[in-house]
1. What are the chymotrypsin sites (Phe, Trp or Tyr not before Pro) within the range 257-317 that DSSP puts in a loop, where the Cβ has at most 15 other Cβ atoms within 10 Å?
2. Tell me, in nm to one decimal, what length is gained between Glu496 and Ser374 on full extension, where the rule is 0.36 nm per residue of separation less the Cα-Cα distance?
3. Counting DSSP beta bridges in the chain, what percent are antiparallel, to the nearest 5?
4. Keeping all protein chains in place and using 1.4 angstrom, which order do Asp166, Asp451 fall into by accessible surface area, from largest down?
5. Which parts of the range 118-147 would a label at Gln476 reach, counting a residue when its backbone N lies under 19 Å from a point 7 Å out along Cα-to-Cβ?
6. Once phi is turned into ³J(HN,Hα) by the Karplus curve 6.51 cos²θ - 1.76 cosθ + 1.60 with θ = phi - 60°, what whole-Hz value does each residue of the range 206-222 show in order, with x for glycine and proline?
7. In Å², and per residue, what accessible area does the range 163-270 have when probed at 1.4 Å with the other protein chains present?
8. What does the C-alpha gyration tensor say about the overall shape of the range 229-284? Classify as rounded when a/c is under 1.5, otherwise prolate if a/b is larger than b/c, or oblate.
Amino acid sequence: MKRSTFLLITFLLFSCLHAQTLIIYGDNASVVEKNAINDLNTDIAKVCQNESVFICNESDFQKQTQYTKIILAGTKKSHSMLKALCDSSKLQLLMMNDNLPAETFLIEKVRLTAKPNIPVLAIIGADERGLFYGVYEFSKQVLNIDALEFWTGKTPQPQDTLHIPDIIVRVDAPVFPLRGYFDNDDDMLANWKGRKLVVEFDIWQEMINSLMRMRYNFIDIHDLLGRAEYYKRDYYINMVEYHTDLELVEQVIDYAHSKGMLVQVPMYLGWEFHHISDDHLCLSEHMDEWMKIYRYYLNKSPLGKADLFLQRPRHPYWDTAYKCPKEKQAGIETGPLMNKMFQGLYNIIIEHNPNAILFCDLWSEGRPMFNSGSFQPNRNIKMLWADHGFAEFGDWPEETPRRKYDFGIYIHAGVWKNHVLQDPYPGRIKEASLEAMQREMTSCYLVNGQDFKHFILNLEACALAAWDPVQFDPEQFYTDWTSRYFSHQASGCIIESLKLLHKAHQPVGGYRDITAMIETILKNLADKKLEKVSLPEIASATGLAELSLQTAENTLPAVPETCFLVYDDQIVFPARIYEMNLRLLEATALYNNFLVELQNHPNMPAKTELYEQYSYALRMALISIRNTLTEGSMWKKWEGWTKPEHFRLYNPMPKVEWVDEIINTWREEL
């Protein structure tokens, strides 16, 4: 036998040993549906090492002969075989004339009359997005693929071949039809790799992939557009000469659309690539200039590709209240001006895209302005009622005729006051989501996620609560989440650590709040202003944080070795840097209070020795946390993530040189 013939026979025999799955998509499948099919193929290939997968459309199905199982994937509209199944009443969870609600799906093992011995799986989406969600649910349940794999490192256990189980899945329609991720204050993510202040495309892909698998259906690309701080604040100017990468903006928008996601852009006027001048801020004089820039965004930039648009009745590019001294002096109210501005913006958007939606985010002073009645824009504009951060809403829209607006909510999974570690609060997310549902404020669920990686627990909790606030169980979610990543044995103690970390935030606030207190004390000391600092709240928070850290560290033996890195990154390290920041605050307060005491008792015995002790403790606490932040967690994949120079503009960690100057100045006073 010739060697070439032998090799051919060997190859054919080897191929026969490989299981073969035939994925059939509809003859009328859209590009987005085909992308969902490709993701299904990719997921199977990742997990099933000896599975050959062939993809074909319905028309080519009869030509295929080598397969042992079939997956039908598509929608009734695009896939005649699935339509026939739906119309035949052979599906257990879909009766005749029963239409799947938007974004929902059905997964069921079925039998084809023509192929009675072949296992067949049907993944039926109500629409393109429903198909994507159905594919991802199959990958989650059957292949054990984690939606957050890039951020957690949790990879699925390899399988030899694909097994189609007896599976029946159907979900109810989401309570909030629009569920979006708001990319905002993402400095650490944007500074981690590649260019400064830019989240590179590969990371955008990972975010979008994870968000789709968690069933978010739109993204807001806020920071990618180039917020005003980047080119107006010295902190960022000294970091890099920033310019918006419009090619990257378009690339991200196109990728989101390829996944069936919608894209939202904020219509602020401070984006680096094209912004209003500082002397054209007053609406009463420069309304036309505002409208001109809005038209530029839609007609001459990638922003015109967006589906959803966001605006606030606030300053056109700063996160502050709208201010025009001339208008205030003339007694011109802000509300009516904002009504006119919103109407002009709405007209421009609808002219550009009749199917677009304009959202008004009632953040900060927007709430009282709306409740007072002075701000009442076009009722076709959808309103977002904003929390105060940390999913705390407090007040809600007043029950008046103005409540005829279509309302949704803007909620924080992470907030800039705590932007380097998550304060986990799934219970609060449940309460806020349920309250919004009961108030019929369900048009949209916009989630601020800050640096994404820090807030994956809350981001997933928000996704589940937005789909169904009633069924979302915070305690069960805690158990499921911790068991999934760190084992069931370790789950209980990890939950205790997370809850202690949440509780530790109550006395003095988030990580940034602590740093702000430290900086305020140090600035006062630099200015020779002495004022005693209260210690009980600091001590209370520090005790809870220390207990959270100890619980996390003591639980390590119960965590599988394969999970050590993500456990340190997501559980131990956040607790450590929060506790260390509180220790630094405590050392700063004690140093300050000693100087206050010394001012009242200048002849205090051993004052020089005591001063050196307090100043040494302050200096060592600062050096220790700066070194820890620079070193980062044990997971070197994220090396550089928490470097102090990567922090957001507001209250980065104090520099050792500055503290040394303060210490030396006061030493000379002794």
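The values are calculated or read from the model by the stated rules, or taken from the named source; none is laboratory data. The structure displayed is predicted, hence computed values, not measured ones. We place every Cβ from the backbone using ideal geometry, glycine too, and count neighbours over all the protein chains shown. Calculation scope for accessible area: heavy atoms of the full protein, side chains included, ligands and nucleic acids excluded. Shrake-Rupley method; radii C 1.70, N 1.55, O 1.52, S 1.80 Å.
1. Qualifying residues, ordered by number: none.
2. The Glu496-Ser374 span can extend by a further 39.3 nm.
3. For the chain, the DSSP antiparallel bridge percentage is about 20.
4. Asp166, Asp451
5. 137-138, 140-142
6. Residue by residue, the range 206-222 yields 5, 4, 5, 4, 5, 4, 5, 5, 8, 6, 6, 10, 8, 10, 10, 9, 2 Hz.
7. Averaged over the residues of the range 163-270, the accessible area is 32 Å².
8. Oblate, since a/c reaches 1.5 and b/c is not below a/b.
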